Amino acid sequence: MELGAGTVVLVAITLFAAFVNGALGYGFSSLTVPVALLFHSNRILNPALVLVEVFINLYVLFLNRSAIPAVWRRVAPILIGLAPGIALGSYLIASLHPAWLKFGTYALLLPLILVQAAGLRRPIRAEKLFGVPFGAGLGFLYSVTTISGPPLAVLFNNQGLVKKDFRAGLALIRVAESVLTAVAYWHLGLYVAQSQSIFWAILPGVVIGIPLGAYVIRRLDAETFRRICMSFDVWVVGFGMARVLLELKLASGAAAYGPMVAAGLLDAWLLYVFFSKQHVYLRPNRSAAG
């Protein structure tokens, strides 16, 4: 069967995104969605991605099962808040115009990625009180975009979760949100034939990419790898935003690419700051080793 250009690109980006998810514990949707939305609407794309993420998240949770007892109490308020947000977001997926959903997706993604890239941290003291409304917002974001990794990563970094607890907490929440969203989509009749074909097209790449990423990250610096992936995301999201601005006639010509250029320049500066700090941290260690 002949594959279209959109399908080839989707298979390639999901393979790369699965590799990143296997390495970092998240990132599949946040890398896949900005590219895939150039070829498909949220209404067609999301059901396929959510089904894939059910299996990805269960696998990541299994790998980090030893840390579940240490984190489940901390993430329980977030889990409680997920359901109403997912219900509202799923309803909007079924009723809103696809182009406006794309615009909303990109508009939500871009600041989240830049905040994470800047490494901003402000620990929240009332963690339990914050958890339920945060969970509702997270459920809404995930059901509309299938993305929740960036805000969760920002929150968990703020709260100082160590690597194993970070991955287990992330997996617990993402298993719950992906299963609940899959059920909501099924009730709304969103699993059409095109969504099913996307699911089967991207599944082999996911099966290969997840364990490969988990293996390779043992030999790479995880923070540097994560930061480079975020830079890729900034440019892709910026380009997607430009295309949807043109589609909705909210901007014309070169002006539509203004947000992409501005975000790219800001990310380039943040990337320079990041690698400058990495150089400062590494230099004393090398001197001591000498």
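The values are calculated or read from the model by the stated rules, or taken from the named source; none is laboratory data. For clarity, every value in this text was computed on a predicted model and none was experimentally measured. All Cβ positions, glycine included, derive from the backbone under ideal geometry; neighbour counts span all protein chains shown. Protein only, heavy atoms only, side chains kept; ligands, DNA and RNA dropped before computing areas. Shrake-Rupley method; radii C 1.70, N 1.55, O 1.52, S 1.80 Å.
Spacing of the modelled spin labels on Leu96 and Glu247, each 7 Å from Cα toward Cβ, amounts to 1.3 nm. Within the straight-line cut-off of under 25 Å between alpha carbons, the lysines reachable from Lys164 are Lys128, Lys277, sequence neighbours fewer than 8 places apart in one chain being disregarded. Highest average first, the peptides 22-34, 80-92, 62-74, 199-211 ordered by how many other beta carbon atoms sit within 10 Å of their residues are 22-34, 80-92, 199-211, 62-74.
I need the calculated FRET efficiency for the pair His187 and Tyr272, taking r as the beta carbon distance and R₀ as 41 Å, to the nearest 0.05.
Numbers: r = 48 Å, r/R0 = 1.17.
The value I calculate is 0.30.
Electrostatic bookkeeping for Lys102 treats Lys and Arg as +1 and Asp and Glu as -1; over the other residues with beta carbon under 15 Å from its beta carbon, the sum is +2.
Per residue, how large is the accessible surface of the chain? Use a 1.4 angstrom probe and give square angstrom. Write out the running numbers ahead of the final one.
On the way: 13890 Å² over 290 residues.
It amounts to 48 Å² per residue over the chain.
Cross-link partners of Lys102 among lysines, defined as those whose alpha carbon lies under 17 angstrom from its own and excluding same-chain residues fewer than eight positions apart: Lys249.
Let me check I've understood the local charge: for Glu53, count other residues with C-beta under 9 angstrom from its C-beta, Lys and Arg +1, Asp and Glu -1. What total comes out?
On the way: positive: Arg174; negative: Glu177.
Within the 9 Å Cβ shell, the charges total 0.
Quick one: pull the percentage of alpha-carbon pairs in the stretch 132-205 with a separation above 15 Å. Write down the numbers at each step before the final one.
On the way: 1704 of 2701 pairs.
Tail of P(r) above 15 Å: 63 percent of Cα pairs.
Element breakdown for the chain at a 1.4 angstrom probe: carbon and sulfur atoms account for 70% of the accessible area.
Taken as entire DSSP H runs, the helices of the chain that both span 27 Å or more between Cα atoms along their own long axis and average 0.5 or more on the Kyte-Doolittle scale are 5-24, 42-63, 68-95, 98-118, 193-216, 222-247.
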